[in-house]
Structures are given as structure tokens and as C-alpha cells.
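No lab work stands behind these numbers, since they all come straight from the coordinates. As the structure is a prediction and not an experimental result, all values here were calculated from the model. Virtual Cβ from ideal backbone geometry, glycine too; neighbours counted across all protein chains shown.
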Amino acid sequence: MSVEKPYEIDHIPKHLHGLFDGRVPPAAGGKTEQEKQNNFLSRSLAAFALHKLSGCTLDEAAASIVDGGGDGGIDAVYFSPTSNTLWLIQSKFIENGRGEPELGEASKFKDGIDNLLSAKWEAFLKNEAWSKRLPPIKKLLGEHSVLHVEAVLVYSGINAVSEDRLRLFETLESRYNHGDEFLHFGTYSLVSVHDWLTGADAAAGVDKVELEILKPGWVTEPYQTIYGQVRVADVAALYETHRAALVEANLRRYKGLTEVNKRIKETLQAEERHFFYLNNGLTAYCLKLDVAATDRANTEKKKITARGFSIVNGAQTIGTIHAAKAGGDGFVFLKIISLEKCEEEAVFARRITESTNFQNQISPRDFVALDEQHERIALQLKVDGIRYHFKEADDVPDPDGTNFTLDEAATALACLERDSDCDLCAMLLSNRKVLWSTEPVYPKDKPQESLCERMFRRERSARTVWRAVQLRRIVIERLNGERPAAGARREFYENARWLVLNILFLREHLEQGETLALTDVEKARAAAQTLEIANAIWATAQEAGFVSASEPYTSPRHFKSVFGSATDCQKLKAAVMKRLNEKKIGAPLAGAEGACT
């Protein structure tokens, strides 16, 4: 079976062309148009990496390109005066999204860095672009006592850099670093490049928020925290300005006027003056928290500026305040925790989010949304206009050709698992809530400890997830179309769907296609195979005594108990796979004339 092409690579060329066409000149050489194209993309990738890592402009990044003969393996060079950092970039565009730079290319890059830092200027004189840059670099390296050098290897392959490449640069670092970090080497693969493209590398939340906290409390150790009263009108204005971005790090977005939120609204409208006493309030974290100098000694109020601000508990409260158009004399409690001093800020931020939500009506499914893999899938598919709604909110559209939900994805991926014991298929009927559990279910030596981690693992591409969801929809639609009004056959069609989908995945592997959307041929194949598999399961169920062999069909057990049993599903699947492989398909189900057999 061929290795799946990484979904991320499909977006890179278009994005690089959009940024650097007309900015980055084409490279000399290249026998074919594809080689010329890849040369341009490699140069543009170097410029893109420099732009994202150093913060320089796109024009500055493009002007930094020195790729060509005699470049010492260095494709771009740039000095950032604000950070006193010299950036040295080697890039490699890998068309199929697999692999890593060759050992020889990495070795050439290492030698080029060594020559530059050892003042062996003659190694670069044959390169015209380098010749223009050497005078200021000579001065820079000779005069700067606080200079920092960042060497970057960036490539569009999904594979990690091998140990033999890494050892080259570890040795180089040890030669030049003497109790400091004068030289640092970093690698960035396709995953990082795509994160730059989608914005996944950016922190969740709002860049800058300014608020006035009344009757404040101020804790400075170990993590700076300010808490107190905030005017309801200020909170409403904050939500009006930033909307979903304000609660992006929360377990859920605003869900609309649910029963709980209706009560919050009624309290606001009837007793806004007492809202502070009758509501749990809001919890937020930020990356940096500053207090106005004139308010540091003020015990009545403090004007604060929070950067990287996210509300992680209280999305329903703030959404309802906005929906109620509250703006009188009411107040709401707000606590803001700064993550600035946290060594592992992402881990602590997640702990804050989880812990502050335990007291509320939060389901295990809501906590699943904190897994970073869902954000990865959503951002990747968003580039192609597909929206993955993994958090509950009032504005989530009905599933359609460009929208799908966490529930659709989870049930599809549960069926995609190739476990022989049928545990996951059975759980979808018997105990679906188990899918949202984060409890360990495997020994510690396994890479995934929970069912959710297993289904939404990093190596499963967003393209595979979306194609699996499309196949799920086809199976359900096709079986619903065959379902009679009542009786044992109706129970069969209602409950066999997950085993049908599991066997479809096992036999056809249609989730592994190269296109994002299923082709018409693939859709037709899936629909035909759905009925063929269903016919085989029905015939096998008759042989196993789960249903009578002739009309009127009766079953000694409800089909939900049959397909909700991992043991029964395992027996059925084994017999069905054998039946299908031997092409001994049973007679079509009544009412399913014309089914593919």
C-alpha cells in the first residue's frame, strides 16, 4: 500500500507563490520546469522561514536570499538589529512532503556556517549575492560582543531530522559556545511550516485588552494575578469587539440561550445590581499582565493591560451579558492569571482551563476539545474552506459539504480503527460516552493512553479525517434510504451502520485518497459497497440466529444489543469478511433490489 501524501504539502506552493511571486527571483539552472519550480519554492521557503522567525518584512526576507553557486550551503542571511541576531537559513522544498534534507546538504550547511564564523571569506567570494553582504558581516562579526547566531534548517518534509544530521550541528555548537548560546541550531519541518501558514503557532486569545478592575486584589507570587469587579457594560463591549477570539481557549464557546443562560439573562434584567453576588464570574489568563503605574498603590481600582488575553471559564456568562445588552450599574467578578513566569505555560494554561470548569455543567466531551489535535485539523482544513466545529457554540451550522462536527469525526474515526475485537464499533451503540474519556486504557509503553488520543493521533491527517466523515455520511444516508417503516429489518438498518462503516474502511481504504473531497467514482463505490456489506451482515445474522430466515422477520434479541456487543460484532465481522472475500454474498435484503452483489 502506498504511503499517504501529507495533506499539509498541498497548501505550501500556493502560499509561497502568493507571498513571493515578484519578490524572490527565480534561481539559475534547473533542467525541467518542475526543477525550476522546486528551486523557486526552496528559495521562497527560506524567505518565509526568515520572515516568521525573525519578524522581518517579506521584502527584507526576499532580499536576504543568497542561494546559488558558492553559497556555502546557506540560502538566506539576515541580521536583526533589534535582537542582535544573525540568521543563517538553509531550505529544501520536498515536493512529496516526505523525507528530510540529504546528509550531504546538511554537511555543506554546517561547513558554510563554520567558514563564516571562522572568517574564511574566500569560501563565499564566487557568489555575487554573498560578495555584496560580506563587508557588513565582516564588521558585524568583528565588533559585536553580544551577537547571537541562529542557524536554521527548514524543509517541507514530514519526517524528523535524523541523528546523523543533528550530530553535525551539535558538534559545531560545542565548538563555538563557551558557557553561552552564541550559536544555536534549529530545525523546522513541514508541520512547523504549515503551522506558520495557518497561524497555529500564534497564541489563542486577544492580543491586547485594557480594563479597569474595581475593588481589586493583587497577587504577585508565584504567578501575578489580579481579581475584582468589572462593569458589566465593559464586559459586553469587550465581547462585542472580539467575539469568539475572546473565548477561543475555553472548552466551549457561547451556546446561545440555553436553560442555564436564560436564567443568567433573567438575573441580569431583573437584578443587575446584584449580578456580582449571583454569578460565578469569569476566569482568564494572559501571557503578560501590566498595571498602570498611577494605580499600583491604588486599592480602589487598577487599570490593567493584558496581552494574549483569553477567558477560559465564563463563556456562557459573557455571551449572555452581550446578548442581554446589559449596560446598567451591574458588575461581574473577573480573575486574570498571568502566565509570564510559567516555565510550561501551555501545560499550566490547560490546567487552569480544566480545573476552573469542573464546577460547572461540563461534559467529558467538552474537555476533549482541549486536545491540540482538533485545533490542528480545524486550521488545516480551513485553508480549503472546510470548517471543523469541535467546540459547542450557538453559531455552529448544520453539517454539510463544508462543515462537520466533533461527533461526526469521532464516530467515523472509531470505525476507522482496525481493531479485531470490535470494541470501538460496539461502544458507539452501547456506551458512546466512553469515547470522550481521557482515562488511560493502554499500558504505559503504548503511544496513546486514551481512546481520544488514539483516534485523533498526530499522524492521522486532516484530509483522512474529512474523507472518513464523508464516507460516514454516505453509509448512514444509504442505509436510511433502505430502512423500512418498522420491524426487525428497521432495527437492523438502524444499528448495523457502524459495523458496515468499519468493514467498508477495511475493504476499500477510500479514506486514503489524494483529493480532499471524495470523487464521484468513490462516492458511487462507497454507496454500492454499503449495501453489499449490509447484505452480507444480514445473511450472516440469519445464519447466526440473530434473525429469522424468512419473512415476517423476527429477532430473539433487539439488534441494538447485538451490535452493541463487541463479542457478537467480532463474530459477525469475521464471518462477513470471509463471505465477502469468497464472493458468496447472500440474497439481497428485501426492499434492496438492485443492490450490488
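Placing unit charges on C-beta atoms (Lys and Arg positive, Asp and Glu negative, everything else neutral), compute the dipole magnitude of segment 127-201 about its Cα centre in debye, rounded to 20.
It comes to approximately 400 debye.
Looking at the chain, what % of its DSSP beta bridges pair antiparallel, to the nearest 5?
Of all bridge pairs located within the chain, approximately 60 percent are antiparallel.
Work out how much length Asn431 to Asp419 would gain on full extension: take 0.36 nm times their residue separation and subtract the Cα-Cα distance, in nm to one decimal.
2.6 nm
Just round it to a whole percent: the fraction of Cα-Cα distances in segment 7-198 exceeding 20 Å.
53
Counting only GluC sites (Glu not before Pro) that sit in a DSSP loop (anything but H, G, I, E, B) with at most 12 other Cβ atoms within 10 Å, what is the longest stretch of the chain containing none of them?
182-299
Using 1/(1 + (r/R0)^6) with R0 = 41 angstrom and r between the beta carbons of Glu266 and Ala292, what's the FRET efficiency to the nearest 0.05?
Plugging the Cβ-Cβ distance into 1/(1 + (r/R0)^6) gives 0.70.
What angle do you read, to the nearest 10 degrees and between 0 and 90, between the alpha-carbon axis of helix 103-117 and the longest principal axis of the chain?
With both axes taken from Cα atoms, the answer is about 30 degrees.
Please give the contour-minus-distance gain from Lys31 to Val219: 0.36 nm per residue of separation, less the Cα-Cα distance, rounded to one decimal in nm.
Stretched fully, the Lys31-Val219 segment lengthens by 61.1 nm.
Would you indicate which of (i) 16, 34, 28, 15, 6, 1; (ii) 17, 38, 34, 11, 1; (iii) 16, 37, 23, 15, 6, 3, 1, 0 is the value of P(r) over Cα pairs in 20 Å bins from 0, in percent derived from the coordinates of this structure?
(ii)
Hey, for a label at Lys303 modelled as a point 7 Å past Cα toward Cβ, could you say which residues of segment 211-230 have their backbone N under 14 Å away?
Inside the label zone: 211-214.
Run through segment 1-64 and list the trypsin sites (Lys or Arg not before Pro) located in a DSSP loop whose Cβ has at most 10 other Cβ atoms within 10 Å.
Lys31
Through the Karplus equation 6.51 cos²θ - 1.76 cosθ + 1.60, θ set to phi - 60°, convert the phi angles of segment 125-138 into ³J(HN,Hα) values in whole Hz; use x for Gly and Pro.
Result, ordered by residue: 5, 7, 9, 4, 5, 5, 4, 6, 8, 4, x, x, 6, 4 Hz.
Note down the nm distance, to one decimal, between modelled labels 7 Å out along Cα→Cβ at Leu140 and at Glu60.
Roughly 1.1 nm, to one decimal.
Hey, what D do you get for segment 403-581 in µm²/s if you plug the Kirkwood alpha-carbon radius into Stokes-Einstein at 25 °C and 0.890 mPa s?
After rounding, the answer is 146 µm²/s.
Which trypsin sites (Lys or Arg not before Pro) does segment 369-422 hold that lie in a coil by DSSP with at most 13 other beta carbons within 10 Å?
Taking segment 369-422 and a limit of 13 other Cβ atoms within 10 Å, the loop trypsin sites (Lys or Arg not before Pro) found are Arg418.
Could you tell me how many degrees, from 0 to 90 and to the nearest 10, lie between the Cα long axis of helix 372-382 and the main elongation axis, the longest principal axis, of the Cα atoms of the chain?
90
Run through segment 298-331 and list the trypsin sites (Lys or Arg not before Pro) located in a DSSP loop whose Cβ has at most 16 other Cβ atoms within 10 Å.
Here the sparse-neighbourhood loop sites are Lys325.
Compute the acute angle (0 to 90°) between the alpha-carbon long axis of helix 345-357 and the principal axis of greatest extent of the alpha-carbon atoms of the chain; round to the nearest 10°.
40
Once you put a point 7 Å from the Cα of Glu163 and another 7 Å from the Cα of Glu102, both along the Cβ direction, what distance in nm separates them?
2.4
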